[in-house]
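Readers should treat all values here as calculations from the given coordinates under stated rules, not as data from a laboratory. Quantities reported herein were computed from a predicted structural model and do not represent experimental measurements. Cβ coordinates were reconstructed from backbone atoms using ideal geometry, including for glycine residues, and neighbour counts include every protein chain displayed.
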Amino acid sequence: MTKQISNSKQNVIIFFLIAVFLCLPIDLLQNADNVSGMSISLILVAPSLLFYLIVKHNHKKYLTLAFCFSILSVIVTQFLSGKFESRHFFSVIYFFAPVLTFYLGKKVVSNSFDLHRIYRIMCIVSVVFVWVLFISIILKHNGMVRTDSYFNGDFFGLVLSGSYGIHSLGAHLFILMFVLHFYLVLEKVSTPAKVIIIISILQVIYMIVLSLSRELVLALLFYYAVFYWKKLGVIRTFLAVILIAIIGKVFFLQYFDAVLDAWATKLDVTKSSSNLNELSSGRIDLQELAIQQLFFNPFFGTGFQGYILNFKSYKGYDNLDGWSTHIYYLTALWKMGIFAFAFYFIYWLKIIKGLFRIKNPMILNDDATLLIKIFILSILFVNLFWDAFLAPNVMALFAFFCGTLDFCISRKKKII
């Protein structure tokens, strides 16, 4: 009995550390420019790699082949170009490392008890982070979430991963919003806890809306529209939206007007833009250029060298080093080529298909399974317009979530 209690305490500590490293989008290297840094989620790569090597998983071979062909693409493109640099091999590692947290989630969550406990702890950590971030935005930035290309706010003075560029940090907040919502439908919580979680979700919605990220707001609308349409029906969902809008207008007039003014300005800028390249999530010219590079070497892509493999500058872009297409799927294909991308695509396709087939009311109720499907579609939509999965903290959190639900798919697992 004493040993069981000791093991339980150890598991709680492990779950807490995992939740901190995944839910807090904080950089290990605190740089003043808010642009460069290493997410603390990368700390989890070491145990994730260990579990990747020892855990049995039918789909693992596809990820392994994707990695091997990506390394091969680097070797081939460097040989063809005559430019030999080690950093492109590290780019491959940087790309694949966050994906390994799937195996961390698969290993630490093997039954419904673990599932409830990990999301309870992740919910607590997420609530603390969201409240601290929201309060810092209110007190230090007068409620303004965005200043130019920077996401305002901090976590006790610490720099946040993806604060420059808005959308990556916004995508992380979107996933945290799902974690909070998922926990609410996963198990019954006390009324005070439910109120705190709901307020936290509203704070995240406020920050996403005022981040002025078009793709994230569209994903947000899709997420809640589909969920409540399935639960309440069309008419009651429509009436609920009107009621929420009225409450927001009456009780939060100052911030309501600020939201409308900010979006009016954003839409005016969008309408007045001569082309989509002027928008933060545009880059049409660079997407066309990436496709041209793919035609030049479709099997091995750019070998993770990006545009600088063939171009130092292009049209209005003076230095193309480190730039991407902003479409995650195109970026991945462009980086690694058809061979590696095919295996990478099959790997994620099989995982996501498995999550869509979960039907086990003893573990997940109907609301939880519905929420999983809507969330996956929403985050995949975001990556059509912004390669959020390139951010290690975003991919690590998403991959871990997928791994925690893998035991629901495997019928041979022990269920408590």
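Annotations
- Ranked by the mean number of other Cβ atoms within 10 Å of their residues, highest first, the peptides 155-165, 137-147, 93-103, 121-131 come out as 93-103, 121-131, 155-165, 137-147.
- Every pair of different Cα atoms in region 320-416 enters the Kirkwood calculation, which places the hydrodynamic radius at 14.9 Å.
- Local electrostatic count, Ile346, Cβ distance below 14 Å [Lys/Arg +1, Asp/Glu -1]: +4
- Label zone of Ile75 (point 7 Å out along Cα→Cβ, amide N under 17 Å): in region 86-129 this covers 86-93.
- Multiplying the residue separation of Asn310 and Ala342 by 0.36 nm and subtracting their alpha-carbon distance yields 9.1 nm.
- A convex hull fitted to the Cα coordinates of region 40-198 yields 150 cubic angstrom per residue.
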